[in-house]
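Notes follow once the structure below has been shown.
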Amino acid sequence: MNRLQVDVSRTASRLVRYLLVFAVLLAMMPASAALAQEGGEVEPAAPLPPSLVEELANAPGLAPAVVPADVELPEGFTAEELAQMPDRSQYAVIDYAVEGSIVNATVQLPASQATYIASGAPNTNFGNLAVLNLGWDQTGPNAMRTLIQFDLSRLPSNVQINSASFFINQTLINPPGDGRSMAFRAQLMQQSWNAGSVTWNSANFLGGTAFPLGEIPPAIGWVSGGATDVVRAWDSGQPNRGLLITGDETANLGRWRRFNGRQIAALAPYLEVNYTGSCDTAAPIATMTALPTFSPAEFRVFWSAVDPDQPGCRASGVAWYNVRYRINGGGWVNWRNQTPTDNFGFRREAPNNSVVDFQVQAADNAGNLGAWSRTVSTRIDSEPPVASVNPLPEFTFLPNFTVTWSGTDNLSGIASYSLQLSRNDGNWQDLAVDTQATSFTITGAQFGDRLEFRVRAIDNVGNVQPWSPNAQAVTTVFSHPIAQIQPFTPPIIQSTAPITNVIPVQWVGFFAPGTSIVRYTLNYRYTDFAGTTTAWAVWPLANPLATSTNFDYASLGFGNGIYEFFAQATDNLNQTQPLNPAGGAGGSIILDLDDQIQARQFMPFASNQTLD
């Protein structure tokens, strides 16, 4: 450690220099710390470059001190003189040089609190006194130790501490005429303390790691000594709870010293620290890119930052980001830590309809960490929409018709639909893709086509409805009216049937909207059990619009056998249903009045018949 040094020859010159520097920097920059003693020649203040004055125009500096009315002035000083001296209760820049992006600065850091404790008064607090005592006073206080703390929070982050010195103003030496220096040591305080309440009993045992700072010379005025190691310890992360300083406590010698405390700002203790680091002291300003009102369960988040230049110093640039999120106003969760990237995909188990907030902060290459950004939010829409084709009639009687559909979505709304068609159980084919329409006109359908339809929707955040495995609507196309023979129940007439002399035949008609059926024609064909089949013939109807008749087989000379029937419909446009028994619109029944066919035998017999 540096040995304490005192210079009592330059007090007046340093005082004048302070005043000159104040005039240049408008009380923004004090001169180097003085070692006080009357006498000596005045040294003129070195002129500062205009550019440096401009750079430091907004830097914290010193202001004239106001001496409290109840404070006893040191010998040889007037209140007016003290009022013109530096106010060491404030942070001050006393030297500042920039080369490229590197700054070398010397600053003064005032004591943030200071007092002393005495073993002879173990429960007494001396925080209201304007003095600091150190050593052994035989008149009663006995061992006296100084407690002092400096605020290093104004030092930029990530700097290199080149040197540090403490400055303290010595006002009394005991015993009088003691010409020897007093050795002392400083210990890091292990707990926090308060100058207004601390006592010997509450703080004497709190000293930890020791730093032998040197010796205090037997001189009145400013004395200084090296403090580089302790400042480096604090700057590297050691808790800064201040120092417990112990002097010569040899009881029979009665050696002690007195110093000015913090009450008179111009004479208060302070540290002078020289450091090297980046001139970039402004933190980056980070911004989250705005998010849409709704987002899917997985989406990408973007952010950015601007690192501002400063007067005479280019910004060091953004180094990394911290990004955090919260769900439905809960606690913040650290998501991306010290990431150099400016975007990332977000996927968390956030329930549907949850609100997710994001914030970002950025650090630059000089170690400046910015504030958290403004919050951006989005609402999670993780459920797909639901769409379906509206029902179609079982039969569609026009080759051109319209298919319609509708859909719903729980949050973001439907963006588009896609419609598919399957013809006669074939593969699904696209009819409309990513359309906002809710209808589609089918053209060119062929008679007898069985058409199946299905639709799916996509919402505004990209959730896709799965395709239905089955058709949502089905219709069969007809281009003319249809008459359908009603099934015969049972499909056989035997001697035990209620009616045996005629065959009751019924049918039903279908016709296109806007048309009507004007007549029916009933066709029949007979096959005897020997296999002889007649040609198709027409059975006369008493009423052309009748939908039932009693077929009198005996009047035609027929008996037991297979009877086939096929009804034809004709509409008001003179469109007649073709005679097409194989198309499935006809029906057949067996007449077996001799009861030759057993129940277990007639079905194979019937199914083996070929109906042309």
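For the range 262-300, the residues whose amide N sits under 20 Å from a probe point set 7 Å from the Cα of Val306 along the beta carbon direction are 280-291. Taking 37 °C and 0.692 mPa s as conditions, the range 262-333 diffuses translationally at an estimated 192 µm²/s according to Stokes-Einstein applied to its Kirkwood radius (Cα pairs). For Asn470 and Thr293, the difference between the fully extended length at 0.36 nm per residue and the C-alpha to C-alpha distance is 60.3 nm.
Give me the percent of DSSP beta bridges within the range 281-420 that run antiparallel, rounded to the nearest 5. Approximately 95 percent, going by the DSSP bridge assignments.
Taking a virtual spin label 7 Å from the Cα of Asp425 along the C-beta vector, which residues in the range 434-455 bring their backbone nitrogen under 19 Å of it? 446-454, by backbone N distance to the label point. On the basis of the beta-carbon distance and an R0 of 30 Å, Val518 and Ser548 show a calculated FRET efficiency of 0.95. Once the C-beta distance of Arg314 and Ser153 is scaled by a Förster radius of 25 Å, the resulting FRET efficiency is 0.45 to the nearest 0.05. The label point for Thr534 and the one for Thr171, both projected 7 Å from the Cα toward the Cβ, are 14.3 nm apart.
Judged by the mean number of other Cβ atoms found within 10 Å, the most tightly packed of the peptides 370-383, 343-356 leads the ranking 370-383, 343-356. Between the range 258-302 and the range 113-179, the C-alpha centres lie 31 angstrom from each other. Taking 0.36 nm per residue of separation and subtracting the Cα-Cα distance, full extension of the segment from Gln598 to Gln436 would add 52.1 nm.
Across the range 285-380, Cα pairs under 8 Å and at least six residues apart give a relative contact order of 39 percent. Going from the fewest other Cβ atoms within 10 Å to the most, the residues Cys279, Cys313 appear in the order Cys313, Cys279.
Note on the range 431-458 and the range 502-557: Cα centroid distance 37 Å, given to the nearest whole angstrom.
A Stokes-Einstein calculation at 25 °C with viscosity 0.890 mPa s, built on the Kirkwood radius of the range 386-477 over Cα pairs, returns a diffusion coefficient of 182 µm²/s. The alpha carbon centroids of the range 351-384 and the range 309-340 are separated by 10 Å. Counted over all Cα-Cα pairs of the range 455-561, pairs farther apart than 23 Å make up 52 percent.
Sorting the segments 573-579, 562-568, 219-225 by their residues' average number of neighbouring beta-carbon atoms within 10 angstrom, most packed first, yields 562-568, 219-225, 573-579.
The numbers here are math on the coordinates, done by the rules we state, and not lab data. These numbers were taken from a predicted model, which means no experiment stands behind them. As a convention, Cβ positions derive from the backbone with ideal geometry for all residues, glycine included, and neighbour counts pool all protein chains shown.
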